[in-house]
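Reading through the structure tokens given below for one structure.
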Amino acid sequence: MGRWLRFLMTVLSARRRSPMEVRDTSALRFRVWPTECDAAFLNHAALLVMMECGRIDLMVRFGFFGLARSSRWYLPIANMSVRFHRPARRFDRLEVRSRIVDWDDQAIWIEHRAERGGKPVAEALTTVLVRKGREPVRPEEILRALGKEIPPRPAQRPDWSAYR
């Protein structure tokens, strides 16, 4: 299945799902199609597309997607570290869980976990920036524009040494 079709299906299904808050976790289910495999295993790029769908689901359900379009904000990925645990095969069912784990003045960190049957396939930590032109948009500004309460940042930052 083409990545653009996955993106479109994610946006359409996210609009029908319940809204999310900052600390909520998005869970999406996928089927590994033969066209997404190299030989017998899921291509890593196709797995990253599934994780991108997790970010899209977060943005739409959080209300950020529409705000970003109207404000002309865009979200470049500054960094992505992925750790692979086991391969996924053709027709496997995967669940991708995505959640915002931390933020600072300029960046937002999103964690993705892909699982098959409750066992990890891959984990990723993505650093996302929000920009308007060349200027950064602070996460607090985004939350205020969405009318959301600004939750306290985690008291202890997650252990990210596993992603290096």
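Give the residue from Val130, Ala68, Ala46 lying farthest towards the positive end of the charge dipole for the chain; charges sit on Cβ (+1 for Lys and Arg, -1 for Asp and Glu) and the dipole is referred to the Cα centre.
After comparing all options, I get Ala46.
Measure off, as a whole percent, the carbon and sulfur share of the 1.4 Å-probe accessible area of the chain, all protein chains present. Spell out each step's value before the answer.
Numbers: 4870 of 9430 Å².
The computed percentage sits at 52.
Output the 0 to 90 degree angle, nearest 10, between the alpha-carbon long axis of helix 44-62 and the longest principal axis computed from the alpha carbons of the chain.
Rounded to the nearest ten degrees, it is 40.
Send over a whole-number figure in Å² for the accessible area per residue of the chain, probe 1.4 Å. Write out the running numbers ahead of the final one.
Values: 9430 Å² over 164 residues.
Dividing the accessible area of the chain by its residue count gives 58 Å².
Counting each DSSP H run of 4 or more residues in the chain as -39500 (n - 2.57), what helix-only mean residue ellipticity at 222 nm follows after dividing by all residues, to the nearest 500 deg cm²/dmol? Numbers along the way, then the final one.
On the way: 4 runs with 49 residues, N = 164.
Per the formula, -9500 deg cm²/dmol.
What is the ratio of the Cα radius of gyration of region 12-59 to 2.2 N^0.38 Å, where N is its residue count, to two decimals? List each step's numbers first, then the result.
On the way: Rg = 13.0 Å, N = 48, 2.2 N^0.38 = 9.6 Å.
Taking the Cα Rg and dividing by 2.2 N^0.38 Å, one obtains 1.36.
How big is the charge dipole of region 23-70 about its Cα centre, in debye rounded to the nearest 20, if each Lys and Arg gets +1 on its Cβ and each Asp and Glu gets -1 on its Cβ? Before the final figure, lay out each step's value.
Values: 6 positive and 5 negative charges, 50 e Å.
I would put it at about 240 debye.
For Cα pairs less than 8 Å apart in space and 6+ apart in sequence, what is the mean separation divided by the residue count of region 55-164, i.e. the relative contact order in percent?
On the way: 176 pairs, mean separation 31.1, N = 110.
Taking the mean separation of contacting Cα pairs over the length of region 55-164, I get 28 percent.
Any chance you could run the full-extension gain for Ala107 through Thr35? It's 0.36 nm times the residue separation minus the Cα-Cα distance, nm to one decimal. Please list the in-between numbers first.
Details: separation 72, 0.36 × 72 = 25.92 nm, distance 3.41 nm.
Separation in residues times 0.36 nm, less the Cα-Cα distance, equals 22.5 nm.
Please state the relative contact order of region 1-101 as a whole percent: Cα pairs under 8 Å, 6+ residues apart? Write down the numbers at each step before the final one.
Working: 110 pairs, mean separation 49.3, N = 101.
Dividing the mean separation by the residue count of region 1-101 yields 49 percent.
Bins of 5 Å, beginning at zero and ending with the bin holding the largest distance: percent of Cα pairs per bin for the chain, please.
Going from the shortest bin to the longest, the percentages are 2, 8, 17, 21, 20, 15, 9, 5, 2, 0.
Amide H to amide H under 5 Å from His85: which residues, 5+ apart in sequence or cross-chain, H placed 1.01 Å off N in plane?
When sequence neighbours closer than 5 places are left aside, the close amide H contacts are Ala122, Glu123.
The values are calculated or read from the model by the stated rules, or taken from the named source; none is laboratory data. Everything quoted here is computed from the prediction, not taken from an experiment. Positions of Cβ are backbone-derived with ideal geometry, glycine not excepted, and every protein chain shown enters the neighbour counts. Side chains are part of the model used for accessible areas, which takes the heavy atoms of the whole protein and leaves out ligands, DNA and RNA. Shrake-Rupley method; radii C 1.70, N 1.55, O 1.52, S 1.80 Å.
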